[in-house]
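Inspection log for the structure reproduced underneath, given as C-alpha cells.
The values are calculated or read from the model by the stated rules, or taken from the named source; none is laboratory data. Since this is a predicted model, take the numbers as computed values, not measurements. In this analysis, Cβ positions are derived from the backbone assuming ideal geometry, glycine residues included, and neighbour counts consider all displayed protein chains.
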Amino acid sequence: MRAVCLPLLSFALLAACADPPPPKQPTKAEQPAPKEEAAFAAVTPADCRAWADHFESRLKEANRRRIDECAKKITAAGGTPIATDEKDRQDADAEAERLHALIVEQCTQQVGAMYPRADAQCYVQSKTLEAWKSCPFQSMFFADYKSVARNHAQMFDDRCKTALDKTAAAKGTPAG
C-alpha cells in the first residue's frame, strides 16, 4: 500500500507544481461591468471654484429676472417697483458673491471626497437656478443647490407679494 501511495503522492506534487493553464479571455458576455468608481469622482479645488462660479452666475441671473418680473407686476398694479435703482441689484449681486466665497470655502473642506459625476453633470448643465429642481441629485452637496433654488424662488415670491399687498393697500384695493 505504501508503494501505491508514494507514486500517487509524487504525481500530485508534480501536478501541483506544474504551470497553471493560461487564463481564459472573457467573452463580451462574461466581461465585468464597468467599475463603480467611474460613476464617482473626487472633489478637487478646481471643481469647487467651477461649481461656485456656476452658482454665482445662475443666482445673479435669477435675481435680475425675478426683480424685473416683480417690478413689472408692481408697475402694472400702479405701484413703485421694489428694485428700481441699481443699488438693489448691486446688493443682490453682493449676496451672490458672498455665497460664492462661502461655497468655495465649504467645498474645499471636502476636497478628496467622492461625489456622483451625474450630480455634477446635471448641476453644471442647468442653465437656470430653477432647472436644479429637476436634477435627481444623490449627494447632499448637490441636493443643497436644489434647496437653494426652491428657497430663492420662495423668497422672491414672498417679497413680491408683500410689495403687491402694500401697493394694493396704498391704493385701497385688495391685492390680486
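Among the residues of region 82-95, are any buried (at least 18 other Cβ atoms within 10 Å of the Cβ) and more than 30 Å from Pro45 (Cα to Cα)?
Yes, that holds for at least one residue.
Considering only residues that are charged (D, E, K, R) and within 10 Å of the chain's Cα centre (by Cα), look in region 111-131 and name the one that is farthest from Ala62 (Cα to Cα).
Arg117
Got at least one residue in region 77-92 being on the phi > 0 side of the Ramachandran plot and not hydroxyl-bearing (Ser, Thr, Tyr)?
Yes, region 77-92 contains at least one residue that is on the phi > 0 side of the Ramachandran plot and not hydroxyl-bearing (Ser, Thr, Tyr).
Among the listed residues Thr108, Thr162, Thr128, identify the single one that is loosely packed, with under 14 Cβ neighbours inside 10 Å, of a type in the set (Val, Ile, Thr) and either within 24 Å of Ala46 (Cβ to Cβ) or in contact (Cβ under 8 Å) with a residue 60 or more places away in the chain (or both).
Thr128
Tally the residues that are assigned to a loop (DSSP other than H, G, I, E, B) and exposed (fewer than 15 other Cβ atoms within 10 Å of the Cβ), restricting the search to region 41-79.
Final tally of qualifying residues: 2.
When Met140 is evaluated against the numbered criteria (1) under 17 Å from Ala52 (Cβ atoms); (2) at pLDDT 90 or above; (3) under 15 Å from the mean Cα position of the chain (by Cα), which criterion, by number, is the only one it fails?
(2)
Is it fair to say Gly172 is surrounded by fewer than 19 Cβ atoms within 10 Å (Cβ to Cβ), over 30 Å from Ile74 (Cα atoms) and more than 11 Å from the chain's Cα centre (by Cα)?
no
Can you name the helices (runs of 4 or more DSSP H) wholly within region 80-176 that have at least 3 residues being of a type in the set (Phe, Trp, Tyr)?
In region 80-176, the matching helices (runs of 4 or more DSSP H) lie at 140-171.
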